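*Asks:* One structure is given below, represented as structure tokens, and several questions about it will come after.
The values are calculated or read from the model by the stated rules, or taken from the named source; none is laboratory data. Model, not experiment: these values are computed from the prediction. Cβ: placed from backbone, ideal geometry, glycine included. Neighbour counts: every protein chain shown. Note: areas computed on protein heavy atoms with side chains; ligands, DNA, RNA excluded. Shrake-Rupley method; radii C 1.70, N 1.55, O 1.52, S 1.80 Å.
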Amino acid sequence: MSRWFYSEAPATPSAEASSASAEPVVHTSLALNVLYHQIRPGRKYHILDLGPALGPNVEFFSQFSCKIYIEDLYDSLSSFDYLSPEDGIPNKKIFDYLLPFSRATRFDIILTWDIFNHLEAREFQGLMRHVGQFCRRGTMLFSLISTRQHIQEKPFHFRIIDNHNLLYEPQSTVLKKCPRLGQSDLQRMLPYFRVTNSFQLRNGIREYIFTYE
Amino acid sequence: MWKKNEPEGPVNDTQTPRPSAGAPPANSESSVLGASLVVKGDISGTQDMVIRGRVEGTVSMKDNTVTVGEGGKVKADIYGRTVIVEGELRGNVFGGEKVVVRASGTVRGNICSPRVTLEDGARFKGSIDMEGSAKDNKKQEQASTASPATKNPTKVTMQPDDPTPVAGIKKADKSAVGQMRINSASTTNT
């Protein structure tokens, strides 16, 4: 059986793990606010959202003239378990299939949310190699990286409340070990992107905006 | 001795309720494609349509409302003034005015409409092209000060969140501290 996600057996409950809750919580998002202020009125933006389709997020971006591609990568990968790298299928073909975009597509904004916390290195690299083809100079990539020891087994659903608040909706109370990707790890996985903004939040999340060069 | 008050004479016609503003034109009766029906081909017309069966092809009711009902399974491109999806749709949707994907709806395809609403629970993969919505939303903002909201009321708690900026990186703005209850009404753009 394939293993598409960085996943281990549930962690032994610890002080940090015991604080995991199923309640949604609102947190300030400084990176979202930066992203919001980067968007210029009167221009059409192409946004790739690798998270699930959420009404408030669509509504938030509807205030700009934009085209949003919603791909729910976690859902796609978790239902894709009949094919895996062990089957000899190259990553490229898999992501070509899961994220089929026309050659001319170029994204201005990529919302990865916290998906990077849930990918193995080869999946991460495969994803970014694929997505990189559809970037242009100035493409902004928004990412939430956990710095905690343990994270929920599944990615959060992040609902945009307004330009500086996000509602974190946990999708699981089961915890797993967090990869705790550092900036240097991310830079290695994200060739041609450089960090333009980084914010460490008290909730253990580090928000990044990367820009494609 | 005391008589019950009873209306005398015929009811005054002026008291008959008038149709509400925005009522569909007289010739726009809804047609329903029943749950057991399967249609392969192109459907077009000038009336509202509710699809409860299976359709493969194209559905074109450009000036009317097309609804994919809860049991409906459509593998087609849909053109309508308003398109509502409560069932399954694989195809592209072109809504002249708006497209609504209900909580029970699943859409795999592209949506092109100035207004798009996804209810909580709706499943969607594809692109949403809302060119033209920016102007509409600006006008709405001027008319009202309503803030974005989710469909289902959700009680949430805002934790004190005082982000600590890393040295050399941009300073964080001060964040709100304390309890914040969000009780939301339904989504706008409908």
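*Asks:* Within segment A:145-176, work out how many residues are of a type outside the set (Phe, Trp, Tyr) and open to solvent by less than 40 Å² (accessible area, probe 1.4 Å). Full working, then the answer.
*Replies:* Quick first cut of segment A:145-176, residues of a type outside the set (Phe, Trp, Tyr) only: A:145-155, A:157, A:159-167, A:169-176.
Retained after the next criterion (residues that are open to solvent by less than 40 Å² (accessible area, probe 1.4 Å)): A:145-146, A:150-152, A:155, A:159-161, A:163, A:165-167, A:169-170, A:172, A:175-176.
Looking only at that region, the number is 18.
*Asks:* Give me the pairs: first residue in segment A:194-206 and among the charged types (D, E, K, R), second residue outside any strand (DSSP E or B) and open to solvent by 20 Å² or more (accessible area, probe 1.4 Å), beta-carbon distance under 7 Å, and six or more apart or on different chains, which are they?
*Replies:* Close Cβ pairs (under 7 Å, with a partner that is outside any strand (DSSP E or B) and open to solvent by 20 Å² or more (accessible area, probe 1.4 Å)) amount to A:Arg194/A:Glu213; A:Arg202/B:Asp162; A:Arg202/B:Thr164; A:Arg206/A:Thr147.
*Asks:* While we're here: Residues A:Gln152, A:Gln183: which one is free of Cβ contacts under 8 Å to residues at least 40 places away in the same chain and out of contact with any Leu (no Cβ under 6 Å at 6 or more places or on another chain)?
*Replies:* Numbers: A:Gln152 fails: free of Cβ contacts under 8 Å to residues at least 40 places away in the same chain.
A:Gln183 is the lone residue from the list that is free of Cβ contacts under 8 Å to residues at least 40 places away in the same chain and out of contact with any Leu (no Cβ under 6 Å at 6 or more places or on another chain).
*Asks:* Quick one: count up the residues across segment A:134-153 that are modelled with pLDDT of 95 or more and either of a type in the set (Asp, Glu) or touching a helix residue (DSSP H, G or I) at 6+ places or on another chain (Cβ under 7 Å) (or both).
*Replies:* Final tally of qualifying residues: 5.
*Asks:* Name the single residue, out of those in segment B:104-124 being more than 10 Å from A:Ser62 (Cβ to Cβ), open to solvent by less than 30 Å² (accessible area, probe 1.4 Å) and at the interface with chain A (Cβ under 7 Å from one of its Cβ atoms), that is farthest from the chain's Cα centre (by Cα).
*Replies:* My answer is B:Phe124.
*Asks:* Would you call A:Gln187 open to solvent by 40 Å² or more (accessible area, probe 1.4 Å), more than 14 Å from chain B (Cβ to nearest Cβ) and either under 26 Å from A:Gly126 (Cβ atoms) or not in a strand (DSSP E or B) (or both)? Before the answer, list the steps.
*Replies:* On the way: open to solvent by 40 Å² or more (accessible area, probe 1.4 Å): yes; more than 14 Å from chain B (Cβ to nearest Cβ): yes; either under 26 Å from A:Gly126 (Cβ atoms) or not in a strand (DSSP E or B) (or both): yes.
Against the criterion (open to solvent by 40 Å² or more (accessible area, probe 1.4 Å), more than 14 Å from chain B (Cβ to nearest Cβ) and either under 26 Å from A:Gly126 (Cβ atoms) or not in a strand (DSSP E or B) (or both)), A:Gln187 qualifies.
*Asks:* Something else: Restricting to segment B:71-95, name every residue that is open to solvent by 10 Å² or more (accessible area, probe 1.4 Å), under 22 Å from B:Asp120 (Cβ atoms) and small (Gly, Ala, Ser).
*Replies:* B:Gly71
*Asks:* Condition first: among the polar types (S, T, N, Q) and modelled with pLDDT under 95. Can you find one or more residues in segment A:25-37 that meet it?
*Replies:* Filtering segment A:25-37 for residues among the polar types (S, T, N, Q) gives A:28-29, A:33.
Checking the rest, the ones that are also modelled with pLDDT under 95 come to none.
No, segment A:25-37 contains no residue that is among the polar types (S, T, N, Q) and modelled with pLDDT under 95.
*Asks:* Here's a follow-up. Output the strands (runs of 3 or more DSSP E) that fall wholly within segment B:30-101 and possess 3 or more residues being touching a residue at least 12 places away in the same chain (Cβ under 8 Å) and among the basic types (Lys, Arg), or say none.
*Replies:* On the way: elements: B:31-33, B:38-44, B:49-51, B:54-68, B:73-85, B:88-90, B:93-101.
The strands (runs of 3 or more DSSP E) meeting that bar are B:73-85.
*Asks:* Turning to a different aspect of this structure: Is at least one residue of segment A:119-134 open to solvent by 10 Å² or more (accessible area, probe 1.4 Å), over 16 Å from the mean Cα position of the chain (by Cα), within 12 Å of chain B (Cβ to nearest Cβ) and more than 20 Å from A:Ser21 (Cα to Cα)?
*Replies:* no
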